[in-house]
Amino acid sequence: MVRHEPATTPRRTDEVTPTSDDHNTLLAWAVFGERTVPGVWFERYWFKRHEAAYAAFAPFTTGAVVVEAGCGEGYGAALLAKSASRVIAVDTAADVVEHVRHTYPGTTPVRADLQRLPFADATAEVIANLQVIEHLNDQEAFLAECARVLRPAGTLVLTTPNRLTFSPGRDTPANPYHTRELAPDELVPLVEEHFVVTRLWGVWHAPRLQAWERRNGAIVDAQLAHPYPQWSSALAQRVRSTDVGDFALHPDTPDTPIASSLDLAVVAYRRP
């Protein structure tokens, strides 16, 4: 049985410190669960879980004009900008857009309603929407808007929590910021109203996290069981050391059925 001791593992050098200009804003976003942010140690598991999907999508965004619909803190847009020809980072919140403007100068931040994107028809090569669609009130309208903005055969890359594992046995999402979560057999038909799905991947824990869970139990449950100052030293150390390589994205297999995945990842192209 894991004892819940104060987390006393050394602080990483890339963590936000109280002297950082954006510390209060980033910490508030993390604590209230609205956005995943870099540099906040107790968010590192979620941050790296999201970052792994950006890495997997890189072959589809390299050299392209990319619209990130729902950019959040902006770290994902910055990752995309490393290889895309241009990244337009869209969010509905003014404070987010200003933060992205000052923090990630390699992106073009735009404030807009995701269901009414301020772009002409058939102008984007790729739309990226990672861990956002579950927050939207009208998912169908959003996907129709993505299809309008994308060029013919343009690409949509999307991730969302797997309802079957994120909110198991519930009629409503466990996360109060989510409006509608999706299972694999719900996500694909929704996307295919306007797109052709070419890849459906699941996100799973890679061997290092699997080994930790065999010894200590589910890492997500452990993080949610107590406020982070009350985490055990083992949990705190595991969260601090989490990296992109601790997650794996791959399609449905007999040993890893997509229904058991943590998140769902889709690559689709716009119907003609």
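Remarks
- All of (1) in contact (Cβ under 8 Å) with a residue 12 or more places away in the chain; (2) surrounded by fewer than 19 Cβ atoms within 10 Å (Cβ to Cβ); (3) under 27 Å from A268 (Cα atoms); (4) out of contact with any helix residue (DSSP H, G or I) (no Cβ under 8 Å at 6 or more places or on another chain) hold for D185 with one exception: (1).
- Whenever a residue of region 39-50 is without any contact (Cβ under 8 Å) to a residue 12 or more places away in the chain and over 14 Å from P229 (Cβ atoms), it has no partner that is in a helix (DSSP H, G or I) and not acidic (D, E) lying with C-beta atoms less than 7 angstrom away and at least six residues away or across chains.
- Hey, N216 in contact with a helix residue (DSSP H, G or I) (Cβ under 9 Å, 6 or more places away or on another chain), under 20 Å from S261 (Cβ atoms) and either surrounded by 14 or more Cβ atoms within 10 Å (Cβ to Cβ) or at pLDDT below 95 (or both) or not: no
- Some residue of region 192-200 being out of contact with any Ser or Thr (no Cβ under 9 Å at 6 or more places or on another chain), in a helix (DSSP H, G or I) and either among the β-branched types (V, I, T) or modelled with pLDDT under 95 (or both): no
- Flag if L264 is closer than 21 Å to W46 by Cα and assigned to a helix (DSSP H, G or I): no
- Any hit, region 222-229, residues being under 18 Å from P168 (Cα atoms), at pLDDT below 95 and over 21 Å from the mean Cα position of the chain (by Cα): yes
- Per-region count, region 120-138, residues in contact with a strand residue (DSSP E or B) (Cβ under 8 Å, 6 or more places away or on another chain) and either surrounded by fewer than 18 Cβ atoms within 10 Å (Cβ to Cβ) or among the charged types (D, E, K, R) (or both): 4
- Every condition in (1) free of Cβ contacts under 8 Å to residues at least 24 places away in the same chain; (2) part of a helix (DSSP H, G or I) is met by T172 except one, and the failing one is (2).
- Enumeration of residues in region 193-252 that are in contact with a Lys or Arg (Cβ under 9 Å, 6 or more places away or on another chain), of a type in the set (A, V, I, L, M, F, W, C) and closer than 24 Å to T160 by Cβ: F195, V196, V203, L209, I219, A222, V239, V244, F247
- Where a residue in region 226-249 is under 14 Å from Y45 (Cβ atoms) and in contact (Cβ under 8 Å) with a residue 24 or more places away in the chain and its partner, wherever it lies, is part of a strand (DSSP E or B) and not β-branched (V, I, T), with Cβ under 8 Å and at least six apart: D246/H205; F247/W204; F247/H205
- Residues in region 225-254 that are out of contact with any helix residue (DSSP H, G or I) (no Cβ under 7 Å at 6 or more places or on another chain), within 30 Å of R199 (Cβ to Cβ) and assigned to a helix (DSSP H, G or I): S241, G245.
The values are calculated or read from the model by the stated rules, or taken from the named source; none is laboratory data. Note that this is a predicted model, so its numbers are computed, not measured. Please note: Cβ atoms are built from the backbone with ideal geometry, for glycine as well, and neighbour counts cover all protein chains shown.
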